[in-house]
Amino acid sequence: MSSKTKTIIAVIIGAALGAGALSLYQGLGSNGNGNEAASAEKKPLYWVAPMDSNYRRDKPGKSPMGMDLIPVYEEESSGDDFGPGAVKIAPHVVNNLGVRTAPVELKNMHTEISTVGYVQYDEDKLIHIHPRVDGWIEKLYVKAAGNPVEKGQPLYTLYSPQLVNAQEELLIALKRDNSSLIAAAKDRLKALQLSAGFIQKLEKTRKVQQTITFYSPQAGVVDGLKVREGFYVKPGNTLLSIGQLDHVWVEAEVFERDAALIKEGLPVSMTLDYLPGEDWAGIVDYVYPTLNSKTRTLRVRLKFDNPDYQLKPNMFAQISIHANQADSTILVPKAAVIRTGKQDRVVLALGDGQFKSIEVTIGRVDIDSIEILEGLNEDDVVVTSAQFLIDSESSKSSDFKRMTHDEVPNSVWMQGDVNSVMAGHRMVNISHGPAEAWDWPEMVMDFTVAEKVDIDSLK
(Lines give C-alpha, C1' and ligand atoms only; values in the text may rest on other atoms or scores of the structure.)
Protein backbone atom coordinates (compact mmCIF):
# COMPACT_ATOMS: atom_id res chain seq x y z
CA MET A 1 0.00 0.00 0.00
CA SER A 2 1.38 3.41 -0.96
CA SER A 3 2.16 5.88 1.83
CA LYS A 4 -0.33 8.24 0.23
CA THR A 5 -3.10 5.69 0.38
CA LYS A 6 -5.63 6.35 3.13
CA THR A 7 -7.81 3.66 4.62
CA ILE A 8 -11.55 4.40 4.21
CA ILE A 9 -13.53 3.29 7.23
CA ALA A 10 -17.15 3.47 8.38
CA VAL A 11 -17.80 5.62 11.41
CA ILE A 12 -20.84 6.09 13.61
CA ILE A 13 -21.21 9.37 15.43
CA GLY A 14 -23.43 9.55 18.55
CA ALA A 15 -25.41 12.73 19.02
CA ALA A 16 -24.84 12.91 22.77
CA LEU A 17 -21.03 12.52 22.58
CA GLY A 18 -18.28 15.07 21.98
CA ALA A 19 -15.52 14.89 19.42
CA GLY A 20 -13.08 13.30 21.88
CA ALA A 21 -15.46 10.49 22.88
CA LEU A 22 -16.83 9.23 19.58
CA SER A 23 -16.81 5.58 18.63
CA LEU A 24 -15.11 4.04 15.62
CA TYR A 25 -16.01 0.66 14.15
CA GLN A 26 -13.64 -1.02 11.76
CA GLY A 27 -14.62 -1.15 8.10
CA LEU A 28 -11.70 -1.84 5.80
CA GLY A 29 -8.14 -2.69 6.71
CA SER A 30 -9.12 -4.81 9.78
CA ASN A 31 -7.36 -8.05 10.55
CA GLY A 32 -10.71 -9.70 11.30
CA ASN A 33 -10.50 -9.76 15.10
CA GLY A 34 -13.53 -7.45 15.40
CA ASN A 35 -15.60 -9.65 13.14
CA GLU A 36 -14.66 -12.71 15.14
CA ALA A 37 -15.78 -11.03 18.37
CA ALA A 38 -19.05 -9.94 16.78
CA SER A 39 -19.71 -13.42 15.51
CA ALA A 40 -19.18 -15.02 18.91
CA GLU A 41 -22.30 -16.75 20.10
CA LYS A 42 -24.23 -14.72 22.67
CA LYS A 43 -25.34 -16.27 25.93
CA PRO A 44 -28.78 -15.59 27.41
CA LEU A 45 -28.92 -13.12 30.26
CA TYR A 46 -31.78 -14.99 31.91
CA TRP A 47 -34.91 -16.99 31.16
CA VAL A 48 -38.42 -15.55 31.59
CA ALA A 49 -41.94 -17.00 31.70
CA PRO A 50 -43.94 -16.29 28.48
CA MET A 51 -47.01 -15.14 30.40
CA ASP A 52 -45.27 -13.42 33.35
CA SER A 53 -42.25 -11.23 32.63
CA ASN A 54 -41.53 -10.94 36.38
CA TYR A 55 -40.82 -14.68 36.66
CA ARG A 56 -37.09 -14.99 35.85
CA ARG A 57 -34.58 -17.82 36.24
CA ASP A 58 -30.86 -18.14 35.50
CA LYS A 59 -31.29 -21.41 33.60
CA PRO A 60 -33.90 -23.09 31.33
CA GLY A 61 -36.96 -24.64 32.89
CA LYS A 62 -40.73 -24.47 33.20
CA SER A 63 -42.94 -21.57 34.23
CA PRO A 64 -45.55 -21.95 36.99
CA MET A 65 -48.07 -22.50 34.18
CA GLY A 66 -46.01 -25.36 32.74
CA MET A 67 -44.67 -23.43 29.73
CA ASP A 68 -41.04 -23.42 28.60
CA LEU A 69 -39.07 -20.42 29.79
CA ILE A 70 -37.90 -18.03 27.05
CA PRO A 71 -34.23 -16.95 26.87
CA VAL A 72 -33.59 -13.20 26.96
CA TYR A 73 -30.41 -11.94 25.31
CA GLU A 74 -28.63 -8.66 25.58
CA GLU A 75 -30.23 -6.14 23.25
CA GLU A 76 -28.47 -5.90 19.93
CA SER A 77 -27.47 -2.62 18.39
CA SER A 78 -30.15 -3.04 15.71
CA GLY A 79 -32.78 -2.43 18.38
CA ASP A 80 -31.35 1.03 18.94
CA ASP A 81 -32.68 2.04 15.52
CA PHE A 82 -36.14 2.13 17.05
CA GLY A 83 -35.25 3.86 20.30
CA PRO A 84 -35.54 2.62 23.88
CA GLY A 85 -38.10 -0.07 24.62
CA ALA A 86 -37.77 -2.03 21.39
CA VAL A 87 -37.98 -5.76 22.10
CA LYS A 88 -37.11 -8.67 19.86
CA ILE A 89 -39.01 -11.95 19.95
CA ALA A 90 -37.99 -15.16 18.25
CA PRO A 91 -40.30 -16.27 15.40
CA HIS A 92 -41.41 -19.48 17.15
CA VAL A 93 -42.28 -17.48 20.27
CA VAL A 94 -44.30 -15.01 18.19
CA ASN A 95 -46.20 -17.97 16.79
CA ASN A 96 -46.72 -19.57 20.20
CA LEU A 97 -48.05 -16.35 21.71
CA GLY A 98 -50.56 -15.97 18.89
CA VAL A 99 -49.33 -12.51 17.92
CA ARG A 100 -51.52 -11.04 15.19
CA THR A 101 -50.97 -7.74 13.43
CA ALA A 102 -53.01 -5.39 11.28
CA PRO A 103 -51.96 -2.49 9.03
CA VAL A 104 -52.97 1.05 9.89
CA GLU A 105 -55.69 2.30 7.53
CA LEU A 106 -56.28 5.77 6.14
CA LYS A 107 -59.96 6.14 5.29
CA ASN A 108 -63.19 7.86 6.19
CA MET A 109 -64.46 6.90 9.61
CA HIS A 110 -68.00 5.63 9.90
CA THR A 111 -69.31 6.53 13.35
CA GLU A 112 -72.46 4.79 14.47
CA ILE A 113 -74.07 6.46 17.48
CA SER A 114 -76.36 3.99 19.21
CA THR A 115 -79.16 5.14 21.48
CA VAL A 116 -82.84 4.54 22.20
CA GLY A 117 -85.98 6.58 21.60
CA TYR A 118 -89.75 6.69 21.67
CA VAL A 119 -92.13 6.99 18.72
CA GLN A 120 -94.31 10.12 18.79
CA TYR A 121 -96.86 11.81 16.55
CA ASP A 122 -95.54 14.17 13.93
CA GLU A 123 -96.42 17.37 15.79
CA ASP A 124 -96.34 19.34 12.55
CA LYS A 125 -99.50 17.41 11.63
CA LEU A 126 -101.04 17.18 15.13
CA ILE A 127 -104.03 19.48 15.64
CA HIS A 128 -106.06 20.24 18.78
CA ILE A 129 -109.81 20.86 18.73
CA HIS A 130 -111.05 23.76 20.88
CA PRO A 131 -114.53 25.38 21.01
CA ARG A 132 -114.67 29.10 20.25
CA VAL A 133 -117.67 29.66 22.53
CA ASP A 134 -119.17 28.38 25.77
CA GLY A 135 -121.70 25.61 25.43
CA TRP A 136 -122.82 22.02 25.99
CA ILE A 137 -121.86 18.91 24.05
CA GLU A 138 -125.20 17.60 22.80
CA LYS A 139 -123.82 14.69 20.78
CA LEU A 140 -120.34 13.18 20.49
CA TYR A 141 -119.60 11.21 17.31
CA VAL A 142 -116.11 10.09 18.38
CA LYS A 143 -116.38 7.79 21.37
CA ALA A 144 -112.78 6.72 22.15
CA ALA A 145 -109.17 7.79 21.73
CA GLY A 146 -107.40 6.01 18.91
CA ASN A 147 -110.42 5.87 16.63
CA PRO A 148 -109.66 6.79 13.02
CA VAL A 149 -111.39 9.80 11.53
CA GLU A 150 -111.69 11.13 7.98
CA LYS A 151 -111.50 14.70 6.86
CA GLY A 152 -114.97 16.26 7.05
CA GLN A 153 -116.30 13.60 9.43
CA PRO A 154 -118.59 14.98 12.21
CA LEU A 155 -116.94 15.17 15.63
CA TYR A 156 -119.50 16.71 18.00
CA THR A 157 -122.69 18.80 18.16
CA LEU A 158 -122.69 21.90 20.37
CA TYR A 159 -125.45 24.02 21.82
CA SER A 160 -124.28 27.57 22.59
CA PRO A 161 -126.36 30.74 23.13
CA GLN A 162 -123.53 32.73 21.55
CA LEU A 163 -123.84 30.77 18.31
CA VAL A 164 -127.61 31.34 18.32
CA ASN A 165 -127.08 35.10 18.75
CA ALA A 166 -124.51 35.19 15.95
CA GLN A 167 -126.99 33.54 13.56
CA GLU A 168 -129.72 35.99 14.51
CA GLU A 169 -127.38 38.92 13.82
CA LEU A 170 -126.93 37.69 10.26
CA LEU A 171 -130.67 37.31 9.75
CA ILE A 172 -131.26 40.87 11.06
CA ALA A 173 -128.60 42.22 8.68
CA LEU A 174 -130.22 40.36 5.77
CA LYS A 175 -133.63 41.71 6.68
CA ARG A 176 -132.28 45.28 6.70
CA ASP A 177 -130.36 44.57 3.48
CA ASN A 178 -127.32 46.33 4.91
CA SER A 179 -124.26 45.04 3.07
CA SER A 180 -121.77 46.17 5.71
CA LEU A 181 -123.76 44.50 8.52
CA ILE A 182 -124.16 41.35 6.43
CA ALA A 183 -120.38 41.15 5.83
CA ALA A 184 -119.64 41.73 9.53
CA ALA A 185 -122.13 39.03 10.60
CA LYS A 186 -120.67 36.51 8.16
CA ASP A 187 -117.14 37.25 9.35
CA ARG A 188 -118.19 36.62 12.94
CA LEU A 189 -119.71 33.26 12.04
CA LYS A 190 -116.52 32.28 10.22
CA ALA A 191 -114.46 33.29 13.24
CA LEU A 192 -116.62 30.97 15.36
CA GLN A 193 -115.60 28.09 13.04
CA LEU A 194 -118.87 27.79 11.16
CA SER A 195 -118.33 26.50 7.64
CA ALA A 196 -119.10 28.42 4.45
CA GLY A 197 -121.74 25.81 3.59
CA PHE A 198 -123.54 26.38 6.92
CA ILE A 199 -123.54 30.17 6.37
CA GLN A 200 -124.98 29.79 2.86
CA LYS A 201 -127.70 27.45 4.13
CA LEU A 202 -128.59 29.93 6.90
CA GLU A 203 -128.72 32.76 4.39
CA LYS A 204 -131.01 30.72 2.15
CA THR A 205 -133.38 29.23 4.75
CA ARG A 206 -133.36 32.23 7.16
CA LYS A 207 -133.82 29.71 10.03
CA VAL A 208 -131.63 29.69 13.17
CA GLN A 209 -130.27 26.29 14.30
CA GLN A 210 -130.07 25.67 18.06
CA THR A 211 -127.28 23.08 17.83
CA ILE A 212 -124.39 23.09 15.40
CA THR A 213 -122.24 20.15 14.29
CA PHE A 214 -118.47 20.57 13.92
CA TYR A 215 -116.35 18.46 11.56
CA SER A 216 -112.80 17.08 11.45
CA PRO A 217 -110.36 19.38 9.62
CA GLN A 218 -108.04 16.46 8.66
CA ALA A 219 -107.81 12.69 8.51
CA GLY A 220 -106.00 10.85 11.27
CA VAL A 221 -106.58 9.20 14.62
CA VAL A 222 -108.11 10.63 17.77
CA ASP A 223 -105.69 11.31 20.60
CA GLY A 224 -106.52 12.56 24.07
CA LEU A 225 -110.32 12.58 24.00
CA LYS A 226 -111.26 14.65 27.05
CA VAL A 227 -115.05 15.21 26.69
CA ARG A 228 -118.25 13.21 26.83
CA GLU A 229 -121.85 14.01 25.85
CA GLY A 230 -123.36 16.59 28.16
CA PHE A 231 -120.05 18.23 29.09
CA TYR A 232 -120.05 22.00 29.51
CA VAL A 233 -117.06 23.38 27.60
CA LYS A 234 -115.27 26.70 27.32
CA PRO A 235 -112.83 28.12 24.76
CA GLY A 236 -109.91 27.13 26.99
CA ASN A 237 -110.79 23.43 26.91
CA THR A 238 -109.03 20.98 24.58
CA LEU A 239 -111.77 18.63 23.45
CA LEU A 240 -109.54 16.20 21.56
CA SER A 241 -106.50 16.00 19.31
CA ILE A 242 -106.14 14.48 15.84
CA GLY A 243 -102.77 13.16 14.76
CA GLN A 244 -101.54 11.68 11.50
CA LEU A 245 -99.43 8.52 11.27
CA ASP A 246 -98.16 8.82 7.69
CA HIS A 247 -94.98 10.24 9.24
CA VAL A 248 -93.83 9.88 12.83
CA TRP A 249 -91.22 11.48 15.04
CA VAL A 250 -88.85 9.59 17.31
CA GLU A 251 -87.48 11.47 20.31
CA ALA A 252 -83.96 10.25 21.24
CA GLU A 253 -81.06 11.42 23.37
CA VAL A 254 -77.31 11.17 22.72
CA PHE A 255 -74.40 11.61 25.09
CA GLU A 256 -72.66 14.95 25.32
CA ARG A 257 -69.44 13.55 23.80
CA ASP A 258 -71.33 12.77 20.57
CA ALA A 259 -73.13 16.12 20.35
CA ALA A 260 -70.64 17.62 17.87
CA LEU A 261 -71.26 14.77 15.41
CA ILE A 262 -75.04 15.19 15.23
CA LYS A 263 -76.34 17.33 12.37
CA GLU A 264 -79.68 17.69 10.64
CA GLY A 265 -80.10 15.39 7.65
CA LEU A 266 -77.89 12.54 8.91
CA PRO A 267 -79.23 9.07 8.02
CA VAL A 268 -80.76 7.02 10.83
CA SER A 269 -81.70 3.35 11.10
CA MET A 270 -84.21 2.02 13.63
CA THR A 271 -85.34 -1.37 14.91
CA LEU A 272 -88.19 -2.31 17.26
CA ASP A 273 -88.61 -5.32 19.52
CA TYR A 274 -92.14 -6.05 18.37
CA LEU A 275 -91.04 -6.44 14.73
CA PRO A 276 -87.63 -8.20 14.90
CA GLY A 277 -85.65 -8.34 11.70
CA GLU A 278 -87.20 -5.19 10.20
CA ASP A 279 -85.36 -1.90 9.82
CA TRP A 280 -86.69 1.59 9.23
CA ALA A 281 -84.67 4.31 7.56
CA GLY A 282 -85.09 7.93 8.58
CA ILE A 283 -83.19 11.18 9.05
CA VAL A 284 -82.25 13.58 11.81
CA ASP A 285 -85.02 16.18 11.58
CA TYR A 286 -83.97 18.56 14.36
CA VAL A 287 -81.23 18.92 16.98
CA TYR A 288 -82.42 20.67 20.12
CA PRO A 289 -80.31 23.67 21.20
CA THR A 290 -79.88 22.78 24.88
CA LEU A 291 -78.48 19.90 26.92
CA ASN A 292 -80.27 18.18 29.75
CA SER A 293 -78.46 19.44 32.85
CA LYS A 294 -79.14 16.28 34.86
CA THR A 295 -78.42 13.51 32.35
CA ARG A 296 -75.90 15.51 30.25
CA THR A 297 -77.60 14.34 27.07
CA LEU A 298 -78.74 16.11 23.92
CA ARG A 299 -82.26 15.65 22.57
CA VAL A 300 -82.56 14.75 18.91
CA ARG A 301 -85.73 14.53 16.84
CA LEU A 302 -85.82 11.91 14.12
CA LYS A 303 -88.35 11.54 11.31
CA PHE A 304 -89.56 8.29 9.69
CA ASP A 305 -92.09 7.44 6.99
CA ASN A 306 -94.89 5.15 8.24
CA PRO A 307 -97.00 4.15 5.21
CA ASP A 308 -98.35 0.94 6.79
CA TYR A 309 -98.96 2.54 10.22
CA GLN A 310 -96.71 -0.07 11.85
CA LEU A 311 -94.96 2.58 13.93
CA LYS A 312 -97.24 3.57 16.78
CA PRO A 313 -96.80 6.41 19.29
CA ASN A 314 -94.94 5.56 22.53
CA MET A 315 -93.22 2.50 21.04
CA PHE A 316 -89.68 1.88 22.31
CA ALA A 317 -87.03 1.84 19.55
CA GLN A 318 -83.31 1.15 19.14
CA ILE A 319 -81.64 3.91 17.15
CA SER A 320 -78.38 4.09 15.16
CA ILE A 321 -77.34 7.50 13.86
CA HIS A 322 -74.75 7.25 11.06
CA ALA A 323 -72.24 10.09 11.16
CA ASN A 324 -69.53 9.80 8.50
CA GLN A 325 -66.38 11.90 8.67
CA ALA A 326 -65.72 13.86 5.48
CA ASP A 327 -61.89 13.69 5.63
CA SER A 328 -59.75 10.58 5.75
CA THR A 329 -58.15 9.73 9.07
CA ILE A 330 -55.81 7.11 10.51
CA LEU A 331 -57.73 4.15 11.93
CA VAL A 332 -56.61 1.08 13.86
CA PRO A 333 -58.65 -1.90 15.07
CA LYS A 334 -60.27 -1.30 18.42
CA ALA A 335 -58.42 -4.28 19.91
CA ALA A 336 -55.02 -2.73 19.09
CA VAL A 337 -55.28 0.16 21.56
CA ILE A 338 -54.22 -0.36 25.18
CA ARG A 339 -56.27 2.18 27.11
CA THR A 340 -55.23 3.22 30.62
CA GLY A 341 -56.37 5.99 32.87
CA LYS A 342 -53.50 8.31 31.92
CA GLN A 343 -52.15 7.02 28.62
CA ASP A 344 -53.23 5.25 25.44
CA ARG A 345 -50.68 2.99 23.73
CA VAL A 346 -50.28 0.63 20.79
CA VAL A 347 -47.57 -1.91 20.08
CA LEU A 348 -45.82 -1.30 16.77
CA ALA A 349 -44.65 -4.28 14.72
CA LEU A 350 -41.25 -3.09 13.48
CA GLY A 351 -40.38 -6.18 11.43
CA ASP A 352 -37.87 -9.00 11.96
CA GLY A 353 -39.56 -9.92 15.23
CA GLN A 354 -39.09 -6.47 16.78
CA PHE A 355 -41.84 -4.62 18.61
CA LYS A 356 -42.18 -1.39 20.54
CA SER A 357 -44.89 0.12 22.69
CA ILE A 358 -45.61 3.78 21.80
CA GLU A 359 -48.01 6.42 23.06
CA VAL A 360 -50.86 7.58 20.81
CA THR A 361 -53.57 10.22 21.00
CA ILE A 362 -56.97 8.79 20.16
CA GLY A 363 -60.04 10.51 18.74
CA ARG A 364 -63.41 9.05 17.96
CA VAL A 365 -64.32 5.45 18.70
CA ASP A 366 -66.78 3.33 16.75
CA ILE A 367 -67.77 -0.33 16.94
CA ASP A 368 -64.66 -1.71 15.20
CA SER A 369 -62.08 1.10 14.92
CA ILE A 370 -60.42 3.91 16.84
CA GLU A 371 -59.25 7.16 15.29
CA ILE A 372 -55.56 7.98 15.93
CA LEU A 373 -54.82 11.70 16.03
CA GLU A 374 -51.10 11.48 16.85
CA GLY A 375 -48.48 8.77 17.08
CA LEU A 376 -48.95 6.63 13.95
CA ASN A 377 -48.28 6.89 10.23
CA GLU A 378 -50.24 5.41 7.35
CA ASP A 379 -47.68 2.65 6.61
CA ASP A 380 -47.41 1.38 10.21
CA VAL A 381 -48.41 -2.09 11.41
CA VAL A 382 -49.85 -2.59 14.90
CA VAL A 383 -50.29 -5.68 17.08
CA THR A 384 -53.92 -6.71 17.69
CA SER A 385 -53.43 -9.86 19.76
CA ALA A 386 -51.05 -10.66 22.67
CA GLN A 387 -50.05 -7.00 22.74
CA PHE A 388 -50.45 -6.75 26.52
CA LEU A 389 -47.57 -9.16 27.14
CA ILE A 390 -45.32 -7.35 24.65
CA ASP A 391 -46.34 -3.98 26.10
CA SER A 392 -45.43 -5.07 29.63
CA GLU A 393 -41.89 -5.93 28.50
CA SER A 394 -41.44 -2.89 26.24
CA SER A 395 -42.80 -0.47 28.87
CA LYS A 396 -39.91 -1.23 31.22
CA SER A 397 -37.48 0.80 29.14
CA SER A 398 -39.62 2.50 26.48
CA ASP A 399 -39.80 6.25 26.16
CA PHE A 400 -43.16 5.67 24.36
CA LYS A 401 -41.91 7.71 21.40
CA ARG A 402 -41.19 6.55 17.89
CA MET A 403 -38.63 7.47 15.30
CA THR A 404 -40.12 9.44 12.44
CA HIS A 405 -38.65 11.01 9.36
CA ASP A 406 -38.98 14.43 10.95
CA GLU A 407 -37.04 13.54 14.12
CA VAL A 408 -33.30 14.10 14.47
CA PRO A 409 -31.62 10.66 14.74
CA ASN A 410 -29.40 9.81 17.70
CA SER A 411 -26.65 8.55 15.37
CA VAL A 412 -25.63 8.80 11.73
CA TRP A 413 -23.38 6.62 9.51
CA MET A 414 -20.77 8.02 7.16
CA GLN A 415 -17.36 7.30 5.61
CA GLY A 416 -14.08 9.01 6.38
CA ASP A 417 -10.32 8.96 5.66
CA VAL A 418 -7.79 8.19 8.39
CA ASN A 419 -5.30 11.05 8.67
CA SER A 420 -3.25 9.77 11.62
CA VAL A 421 -3.27 6.95 14.20
CA MET A 422 -2.43 7.54 17.89
CA ALA A 423 -2.09 3.91 19.01
CA GLY A 424 -0.98 4.78 22.55
CA HIS A 425 -4.19 6.72 23.15
CA ARG A 426 -6.35 4.41 21.01
CA MET A 427 -7.40 7.41 18.93
CA VAL A 428 -7.44 8.29 15.24
CA ASN A 429 -7.84 11.53 13.36
CA ILE A 430 -10.41 11.25 10.55
CA SER A 431 -11.71 13.56 7.84
CA HIS A 432 -15.39 12.87 7.17
CA GLY A 433 -18.05 14.31 4.93
CA PRO A 434 -21.05 16.44 5.94
CA ALA A 435 -23.77 15.04 8.25
CA GLU A 436 -26.95 16.29 6.61
CA ALA A 437 -29.20 14.93 9.37
CA TRP A 438 -27.50 17.24 11.87
CA ASP A 439 -26.68 20.02 9.40
CA TRP A 440 -22.93 19.48 9.94
CA PRO A 441 -20.33 20.46 7.31
CA GLU A 442 -17.25 18.44 6.39
CA MET A 443 -15.03 18.12 9.45
CA VAL A 444 -11.74 16.71 10.75
CA MET A 445 -12.20 15.06 14.16
CA ASP A 446 -10.46 12.79 16.66
CA PHE A 447 -12.23 9.51 17.41
CA THR A 448 -11.80 6.97 20.18
CA VAL A 449 -11.33 3.47 18.76
CA ALA A 450 -13.58 0.74 20.15
CA GLU A 451 -11.84 -1.97 22.16
CA LYS A 452 -12.87 -4.74 19.78
CA VAL A 453 -11.08 -3.05 16.86
CA ASP A 454 -7.40 -3.93 16.29
CA ILE A 455 -5.80 -0.49 16.27
CA ASP A 456 -2.63 -1.82 14.68
CA SER A 457 -4.61 -2.61 11.53
CA LEU A 458 -5.47 1.06 11.01
CA LYS A 459 -3.07 3.08 8.85
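Each row is one residue, and each column tells you yes or no for (1) surrounded by 15 or more Cβ atoms within 10 Å (Cβ to Cβ); (2) among the hydrophobic types (A, V, I, L, M, F, W, C); (3) out of contact with any Gly (no Cβ under 8 Å at 6 or more places or on another chain).
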residue	(1), (2), (3)
Asp308	no, no, yes
Lys334	no, no, yes
Gly341	no, no, yes
Leu348	yes, yes, yes
Ile358	yes, yes, no
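Pairs are defined by a Cβ separation below 7 Å, a sequence spacing of at least 6 or placement on different chains, a first member in region 419-447 that is in contact (Cβ under 8 Å) with a residue 60 or more places away in the chain and surrounded by 13 or more Cβ atoms within 10 Å (Cβ to Cβ), and a second member that is among the small types (Gly, Ala, Ser) and not in a strand (DSSP E or B); the pairs so defined are Met445/Ala19; Asp446/Ala19; Asp446/Gly20. The set of residues in region 258-288 that are farther than 16 Å from Leu298 by Cβ and of a type in the set (Asp, Glu) comprises Asp273, Glu278, Asp279.
When region 261-286 is filtered for residues that are in contact with a Lys or Arg (Cβ under 7 Å, 6 or more places away or on another chain) and surrounded by fewer than 17 Cβ atoms within 10 Å (Cβ to Cβ), the ones remaining, listed by number, are Ile283, Tyr286.
Out of Gly236, Gly243, one residue alone is closer than 22 Å to Lys143 by Cα and touching a Gly at 6+ places or on another chain (Cβ under 7 Å). It is Gly243.
Across region 287-301, the qualifying residues are those that are more than 30 Å from Glu150 (Cβ to Cβ) and of a type in the set (D, E, K, R), and the one among them that is surrounded by the most Cβ atoms within 10 Å (Cβ to Cβ) is Arg299. Any residue at all in region 391-398 that is within 22 Å of Gly282 (Cβ to Cβ) and of a type in the set (D, E, K, R)? So far as region 391-398 goes, no, none of its residues is within 22 Å of Gly282 (Cβ to Cβ) and of a type in the set (D, E, K, R). May I ask you to verify whether Asp258 is among the charged types (D, E, K, R) and buried (at least 18 other Cβ atoms within 10 Å of the Cβ)? It is true that Asp258 is among the charged types (D, E, K, R) and buried (at least 18 other Cβ atoms within 10 Å of the Cβ). Quick one: is Gly152 out of contact with any helix residue (DSSP H, G or I) (no Cβ under 9 Å at 6 or more places or on another chain) and assigned by TED's automatic domain parsing to the domain that holds Tyr232? When the stated conditions are applied, Gly152 passes them. Being at pLDDT below 80 and in contact with a helix residue (DSSP H, G or I) (Cβ under 9 Å, 6 or more places away or on another chain) holds for only one residue in Ile367, Ile390, Ile455, and it is Ile367.
Residues are listed down the side, and each one gets a yes or a no for (1) in contact (Cβ under 8 Å) with a residue 24 or more places away in the chain; (2) small (Gly, Ala, Ser); (3) surrounded by 14 or more Cβ atoms within 10 Å (Cβ to Cβ):
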| site | (1), (2), (3) |
| --- | --- |
| Thr157 | yes, no, yes |
| Pro161 | yes, no, no |
| Leu174 | yes, no, yes |
| Ala191 | yes, yes, no |
| Phe198 | no, no, yes |
| Val208 | yes, no, yes |
| Thr211 | yes, no, yes |
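Just to be sure I understand the filter: pairs with C-beta atoms under 8 Å, separated by 6 or more residues or on different chains, first member in region 372-391 and assigned by TED's automatic domain parsing to the domain that holds Val346, second member of a type in the set (Phe, Trp, Tyr). Which pairs pass? Short answer, once both residue conditions are applied: Val383/Phe355; Ile390/Phe355. For region 257-286, the set of residues classified as modelled with pLDDT of 90 or more, more than 17 Å from Tyr118 (Cβ to Cβ) and not in a loop (DSSP other than H, G, I, E, B) consists of Pro267, Ala281, Ile283, listed by residue number.
Anything in region 415-454 that is in contact with a Lys or Arg (Cβ under 6 Å, 6 or more places away or on another chain) and either outside any strand (DSSP E or B) or acidic (Asp, Glu) (or both)? List them, or say none. Across region 415-454, the qualifying residue is only Asp417.
For region 328-342, check the following and say yes or no: at least one residue is closer than 30 Å to Lys125 by Cα, in a strand (DSSP E or B) and modelled with pLDDT of 90 or more. No, region 328-342 contains no residue that is closer than 30 Å to Lys125 by Cα, in a strand (DSSP E or B) and modelled with pLDDT of 90 or more.
Among the residues of region 207-224, write down those that are assigned to a loop (DSSP other than H, G, I, E, B) and either modelled with pLDDT under 90 or of a type outside the set (D, E, K, R) (or both). Residues satisfying the conditions are Val208, Gln209, Gln210, Ser216, Pro217, Gln218, Ala219, Gly224. Selection within region 102-139: residues that are among the polar types (S, T, N, Q) and surrounded by 15 or more Cβ atoms within 10 Å (Cβ to Cβ). The member of this set that is nearest to the chain's Cα centre (by Cα) is Thr111.
For region 225-240, the set of residues classified as under 14 Å from Pro131 (Cβ atoms) and either of a type outside the set (Val, Ile, Thr) or modelled with pLDDT under 90 (or both) consists of Lys226, Phe231, Tyr232, Lys234, Pro235, Gly236, Asn237, Leu239, Leu240, listed by residue number.
The values are calculated or read from the model by the stated rules, or taken from the named source; none is laboratory data. Keep in mind that what you see is a predicted model, and the values were worked out from it rather than measured. Glycine also receives a Cβ, built like all others from the backbone with ideal geometry; neighbour counts cover every protein chain displayed.
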